[in-house]
Every structure is written in structure tokens, then in C-alpha cells.
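Working notes for the structure below.
Values in this text are rule-based calculations from the coordinates and carry no lab data. Note that the coordinates shown come from a computational prediction; the quantities given were computed from them, not determined experimentally. Note: ideal-geometry Cβ built from the backbone for every residue, glycine included; neighbour counts use all protein chains shown.
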Amino acid sequence: MKPPAPRSGSPATPAPTPSPAPSPPRPRSEPHSQSQTPPNTQPHAQPPPPAQPPAPAPVFPELPWYRCLDALSVTLLLFGLAIFFSLPTLRGSGRDLDYWENARRFLARFFPPDFSVTPQVLTALAETAQIAVLATAGALVLSFPLGLAGARTLSPRWLVTLARLALNVTRTVPSLLWALIAVAIVGANPLAGVLGLTAYSVGYLGKFFSDAFESVDLDVARGLRAIGASRIQAFQHGVWPHTRPLIWSYALWMLEYNLRSAAIIGYVGAGGLGVLLHGYQEYHAWDRFCAVLVFILGLVTVLDLLGEWVRRKVTKRAARAPA
Amino acid sequence: MNRRASPTSPAADAGSAATHTPAPTSTASAASFASVPSAAVPSAAAASTRATARSDDAHILVSGLGVRRAERWLFHDLTLTVPRGAFVAIVGPSGAGKSTLLACLAGALAPGEGEIRFRERSGRLVAPEHCRPRIGCVFQRLLLVENSSVLANVLCGRLGRHRWWQTLFGAPRAEREAAFAIVADLGLAPHTHRWVAELSGGEQQRTAIARALFQEPDLYLADEPISNLDTYLTGRVLGRLRQEAAQQGRTVFCVLHDPTLVDRFADLVVSIDPTDPHGWRVRPVRR
């Protein structure tokens, strides 16, 4: 049986096809099996295509030499140069000092630690923890919207610029200076510590949060938008599940960091362990100073372990994902 | 353009009457769908009016659709009328523009030219971007929320039906049970509360299909929904989609590669073909 002739095909002037070899026009309505290879018995089969010169074999696309100068290698090179030019800093004062003897003499005053101050230290420790917890909570609340505003993928450009500028400014001012400003405003008490550390932490958490939001593959949220979800729903179900572990672990890190900071900002009168440290330093009570340090060390260690454990719990399921 | 205006339209080629059988009630018979391309009207300009006039049960009206990529038309002047409840297979080589066509149908991509209209159950014609909750998508990259459970992902299918504050603290119990029924039907019951990131490729794909099924849309757009599934599940998934189309009148667009599957499940084949001058062809599947 003869296959049906291509009725819709063979126009007077065939339209240009993007295929390299001119093929006989195929009928639009043919099933695949018939349209693939029209036999030669067709009533008006096309003449065979003219012989074409053989296509040259593809050449391996060599990259030019300067392509190895990517951002990473250039950065490494510059870093090496920077190390070389920074070496003069190591000269010190130039005077003939016995560094080892100095260190030994100073550190010897730290031992043995004087633990008779334990009650005061514990009180101050509790105050430090309170400052850190409140400052972290305040920073979380403030930096969530700032992080959203600073995410390039989620916010308009002007808002991103504004938010990032604000975050950078906040981060530039060291925590001690923030505490000093707060002390100047509300006086030398723990409230100053909370305010100062909040301001400082917002700079960090806001940046981390916006980076976390930017790291999310937005196609998932776009997919949800495509099946009808609103913007807020797409964020809640498409972006938030991805950022949640990151945000919690950043918040935990910030809590640890704030605990350490809160132990220091007492130096400028903002409450906590720093007040004790400052006092002992003034009176050269280095053994008591050392006792406070031991308590801080214990606190930081416990927090570190705890934070690590919680972080593992939070991110474990994500990490178990197949590659 | 001229070719479609020629008297030998594909419908005539298929030898079927040009009468239009209402699709949703009938089990998709060859005749009813063979007449579909005849509604692909001669001129793009007259497309929408003409199609509107003659086929009230037509679900999707595509007229003069063209998408250009890198100075080249992927497809051009694509005109197509699909009745409600048809299973349309989209075939074609890699990179031809199958997913692009689906993106246009989903309203996610603005085509270079032409327009797409859906007829709602009320009879109103709307653009795809205005009826997103009623378009269910199985994306090629699945686009599931990996750090969330299978059930939560499936529940995402009906987000478009609710205001955002209604879904803020989870879905109602009835919805959760309905979602679980679909999850169980696709053989994912043991994984209901596992994270999508922990699942295998096929399980993830079934989750994406379950999300679309749970949405109960008027139109399914499935981009290779069976690429990771075994033969049994392939038949099950495509059978379920076909059943949805035939019984519920939910039109299905499905990118398929296997010609046997196309012949077994599809009513209509849109082939996106770079060797064709217009980049596309439409043919009915004869059964």
C-alpha cells in the first residue's frame, strides 16, 4: 500500500528550515512512523539533496592562558603580596626586651586563681547572661525585617542599598563603642548593655539573614507562585523552610557571641562580668581577674557545646539529603 | 500559515467529521479528539473569535503563539484549540521548546507574540496569569520544598485557594487527610512525614505529582512527570492523569518522550520540532 501523499507539504516556495540539510517537507498530520522516512515511491518525491562538503571535525575549544586568572587566584596572589608588605609590623618596639620573661612575670600573677569571689562572680554572670539573652532577642526581632530588606533577591534595589548601608554602619561601630554610647544615654547599668549589644548584633544578624535569604533557590517560591500561592504564602512555604535552620543557627551563634561580649562591655560600665573585670584590673587583683576568666571560659564552653548540639539537631535532616 | 489554510486540514486527513463532540462526559474517543485540530483555524488573526464561536467546550485557546530565543523562533504562530478533558502530549527533541510552551501555558513566561486564553467553567475567557490556582504544574525540576515533609509539600498545592493568614498555622484536618489519600495512592504513605530531601528521585517526583493532583486544577501542566519512574508507576501516574482528564474534565498537557506512551495515553500530540518551518505540528492520536 502506498503511503498517503504529503498533502499539506510541498509548498510552492518552501519556507527556510533551521536544519542543516534540506529535508523533504513533512506532512503536518502524519504519525511519526510514516513521517520520519518518506519512501522513494512517493508520487512527487523531491530530488535527492545536492552533495554537501563534509563538515569539519569539531576542534577542541582551547581556553586562552589568561583564563586561569580567575577571582580566586588573583585574590591569593594579592594576599601573598600583602603578607610580604606587612612583615615590618613584626619588628616590635625595637628595644631589647625579654619577651619570655615579661610573659612569665605577668602571667604568674594570675595563678593561683582566687575563687573567694565566686558569689559576686555568679551574680555578675547571671546579669551577663540576662544582657546577652535580651540583646539577642531584640536583635532577632529587628534584624528579620532588615534581613528581608537587605536580600537582593527579595527586595527592590533602593531598599537593599539602604538596608545594607544601615547594617554596615551598625557593624562598623565596635560593641564597646555601642555600649559607651548606650551608657551615655541611659547611664551605667545593665540596660545600657542590652541596648548596646542589641544595636551591635543587629548589624551582624541582619547581614547573616539577608545572606541566608539570598542563598535560597527562589525557583521553588516561583513554582509555588505559579500554582497560585500569594507572595506571603510563597515566602512562608517556599523560602522560610530553607532559611529556618540557617537563621536559628545564626541566632545561636549570636547568643554565644553576645555572652562573650556582655562579659567585656562592663568595662565601660554597662553591667555584667566586665564591671568586675575592670575593678580587679584597676586594683591589679590578677588572681581574682583570673577566677572571673575561668568562669567565662566555663560558660563559653558549655554554650559552645550546647549550641553545637542544637545546631546539629536543627540542620541534621537537611544535611542527610542525598547529593 | 498557508498550510493550515489549505483544505486538507489534519482533521480531514484523519477522516473524521468536523462536528465537535463535547469532551468532558465522553471517554475520550478518537473521533472527538481527531476533530480538535480542525479548530486550529486558518488565520491567526481570526483565531480567537472563530474558535470561540464554534467550540464552546474548548478549554484552551492558543492563537498565534510564538517564542523567540536567541534570534530564533522556537515555535511560531502556534494555534491550537483544546477541548476540556483532553490529554495533550507534547513531544519533540531536547531544547526544542517543550518546557517553554508549558511555561507560556502556565503564565510564567510572556510569549513573544500571540495569546493564550482559558475558558473557565463559567464560560469566561481568562489569561493564564489570572487563574493560577486552577493550573497545576509538575515542573521538570520538581521545585519541591526540600526542607519540609512530603505532606507539607503536597499541602502546598492548595495554597492558592486560601488567604495567607488561613494557611499560616497549617492546613485544616480534612485537607491533611485528603492530601494523605493522594500520597498513599502514589505509594508514598511510609514517607508522609519524611523530608523531601531524604527521598529518592522517583519518590520526589511522585511528591511533585501528588502536589499537582491535590490541587485539583482545571489544567495539568506536567513536564516529563515520569522521567524517574519505573514502568508500573509510569502507567499508574499517566493513567491517573488520563482518568482526571476523562472523568473530571481536567485538561492535561504532558511532555512525553516515549512514543508508545504517547499512543497509549494521549488524545492529541503537539510536537515541537525545529525542523519544521513553524517549529510545531499537531496531530491527533488514532485509536
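General observations
- Residue check for A:W240: under 18 Å from the mean Cα position of the chain (by Cα) and either basic (K, R) or within 14 Å of chain B (Cβ to nearest Cβ) (or both): yes
- Near pairs, Cβ below 6 angstrom, 6+ apart or cross-chain, from segment B:129-146 (more than 7 Å from every other protein chain (Cβ to nearest Cβ)) to any residue that is of a type outside the set (S, T, N, Q) and assigned to a loop (DSSP other than H, G, I, E, B): B:E129/B:G107; B:R134/B:P217; B:R134/B:D218; B:V138/B:P225; B:Q140/B:D223; B:Q140/B:E224
- Filtered by the rule that a residue be away from chain B (no Cβ under 14 Å), within 17 Å of A:L255 (Cβ to Cβ) and surrounded by fewer than 24 Cβ atoms within 10 Å (Cβ to Cβ), segment A:206-229 gives A:K207, A:F208.
- Hey, A:S249 buried (at least 24 other Cβ atoms within 10 Å of the Cβ), part of a helix (DSSP H, G or I) and more than 10 Å from chain B (Cβ to nearest Cβ) or not: no
- Cβ-Cβ contacts under 8 Å between residues 6 or more apart (or on different chains), taken from a first residue in segment B:266-287 that is at the interface with chain A (Cβ under 7 Å from one of its Cβ atoms) to a second residue that is among the β-branched types (V, I, T) and assigned to a loop (DSSP other than H, G, I, E, B), are listed as B:T275/A:T17; B:P277/A:T17.
- Unmet requirement for A:S155, which otherwise passes all of (1) touching a residue at least 12 places away in the same chain (Cβ under 8 Å); (2) within 30 Å of A:D219 (Cβ to Cβ); (3) polar (S, T, N, Q): (1)
- Looking across segment B:115-159, the residues that are in a strand (DSSP E or B), touching a His at 6+ places or on another chain (Cβ under 9 Å) and of a type outside the set (A, V, I, L, M, F, W, C) come down to B:R119, B:S149.
- Screening segment B:156-181 for residues that are under 22 Å from B:C131 (Cβ atoms), within 11 Å of another protein chain (Cβ to nearest Cβ) and among the hydrophobic types (A, V, I, L, M, F, W, C) and picking the one that is surrounded by the fewest Cβ atoms within 10 Å (Cβ to Cβ) gives B:W164.
- For segment B:211-231, the condition of being basic (K, R), over 11 Å from the mean Cα position of the chain (by Cα) and within 14 Å of another protein chain (Cβ to nearest Cβ) holds for at least one residue.
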